[in-house]
Amino acid sequence: MTAQGASVSFSSYGPNSSGVIKPDAAARGAETYTVYNGQLTQASGTSLANPVAAGGIACLLQALPQNISRDEIRNRLKQNASLYPNPSNQMGYGILNLYKTYQSFLGVYDVKQTKIQIYPNPAKDIVNVKTDSPINSIEIYDSLGRIIKSEVSKTINISELDRGIYFLKVKTASGESIEKIIKE
């Protein structure tokens, strides 16, 4: 698919010979960034879409508890993809939404639901966390799922972070919540 979410001419079409939806889902394969001869470049092809999807799913598997079955993860990936419940022969269940799938396992959808407030957001230097429960820890992750920083304070200095999107994993006495923040 393209950056705009449209299918491209080199995509395969389904269903397969058994009548099963093919492909399961879609990922970007047109004008995808890659490294060639040590240089960052753009290329197109299913050989690029597959690693984009596989890498995202690998990060999801790493973030989830090990006792969740692979069938349950596959089902939730489909249920949270852009075309569910109406798959197409060209994009399957659609564009994968790995963050929404991750949230579905945590039961975290909305700041109001978790009674946690993050402000200001976007932020330049300081992010404040407001919650009714005592904070056990706050971890900051980058968009690749790597832990960047760990705190216990309700005030977090993010001035050393590069501009971009990060995720705060807030652990309190009443549970965990993951919130997106934008560093200006």
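Take the residues in the stretch 62-80 that are at pLDDT 90 or above and within 12 Å of the chain's Cα centre (by Cα); name whichever of them is surrounded by the fewest Cβ atoms within 10 Å (Cβ to Cβ).
Out of the qualifying residues, it is Asn80.
Go through (1) in contact with a Ser or Thr (Cβ under 6 Å, 6 or more places away or on another chain); (2) under 16 Å from Pro23 (Cβ atoms) for Gly92 and report which single condition fails.
All conditions pass for Gly92, except number (1).
Inside the stretch 131-145, can you point out the residues that are touching a Phe, Trp or Tyr at 6+ places or on another chain (Cβ under 7 Å) and surrounded by fewer than 16 Cβ atoms within 10 Å (Cβ to Cβ)?
Once the filter is applied, which keeps residues that are touching a Phe, Trp or Tyr at 6+ places or on another chain (Cβ under 7 Å) and surrounded by fewer than 16 Cβ atoms within 10 Å (Cβ to Cβ), the stretch 131-145 yields only Asp142.
Can you work out which of the residues in the stretch 123-149 that are among the hydroxyl-bearing types (Ser, Thr, Tyr) and in a loop (DSSP other than H, G, I, E, B) is farthest from Leu98 (Cα to Cα)? So that I can check it myself, show each step before the final result.
Within the stretch 123-149, the first condition is being among the hydroxyl-bearing types (Ser, Thr, Tyr), and the residues that meet it are 131, 133, 137, 141, 143.
Within this subset, residues satisfying the condition of being in a loop (DSSP other than H, G, I, E, B) are 133, 143.
Working: Ser133: 28, Ser143: 11 Å.
Filtering the stretch 123-149 for residues that are among the hydroxyl-bearing types (Ser, Thr, Tyr) and in a loop (DSSP other than H, G, I, E, B), the one farthest from Leu98 (Cα to Cα) comes out as Ser133.
Check Ala26, Ala63, Ala6, Ala54 and return the single one that is out of contact with any helix residue (DSSP H, G or I) (no Cβ under 8 Å at 6 or more places or on another chain), within 26 Å of Arg146 (Cβ to Cβ) and among the hydrophobic types (A, V, I, L, M, F, W, C).
Numbers: Ala26 fails: out of contact with any helix residue (DSSP H, G or I) (no Cβ under 8 Å at 6 or more places or on another chain); Ala63 fails: out of contact with any helix residue (DSSP H, G or I) (no Cβ under 8 Å at 6 or more places or on another chain); Ala6 fails: within 26 Å of Arg146 (Cβ to Cβ).
Step by step, each of Ala26, Ala63, Ala6, Ala54 is checked, and only Ala54 is out of contact with any helix residue (DSSP H, G or I) (no Cβ under 8 Å at 6 or more places or on another chain), within 26 Å of Arg146 (Cβ to Cβ) and among the hydrophobic types (A, V, I, L, M, F, W, C).
Applying the selection to the stretch 29-51, what residues are part of a loop (DSSP other than H, G, I, E, B) and touching a helix residue (DSSP H, G or I) at 6+ places or on another chain (Cβ under 6 Å)? Spell out the reasoning first.
Of all residues in the stretch 29-51, those part of a loop (DSSP other than H, G, I, E, B) come to 29-31, 37-38, 44-45.
Correct list: Gly29 only.
With Ser153, Ser104 as the choices, which residue is of a type in the set (S, T, N, Q) and either under 23 Å from Ala54 (Cα atoms) or crowded, with 18+ Cβ neighbours inside 10 Å (or both)? Break it down into steps so the answer makes sense when it comes.
On the way: Ser153 fails: either under 23 Å from Ala54 (Cα atoms) or crowded, with 18+ Cβ neighbours inside 10 Å (or both).
Among Ser153, Ser104, only Ser104 is of a type in the set (S, T, N, Q) and either under 23 Å from Ala54 (Cα atoms) or crowded, with 18+ Cβ neighbours inside 10 Å (or both).
On the phi < 0 side of the Ramachandran plot, part of a loop (DSSP other than H, G, I, E, B) and surrounded by 13 or more Cβ atoms within 10 Å (Cβ to Cβ), is that true of Leu168?
Values: on the phi < 0 side of the Ramachandran plot: yes; part of a loop (DSSP other than H, G, I, E, B): no; surrounded by 13 or more Cβ atoms within 10 Å (Cβ to Cβ): yes.
So Leu168 does not fit the description; no.
The values are calculated or read from the model by the stated rules, or taken from the named source; none is laboratory data. What you are looking at is a predicted structure, and each value in this text was computed from that prediction instead of being measured. Cβ: placed from backbone, ideal geometry, glycine included. Neighbour counts: every protein chain shown.
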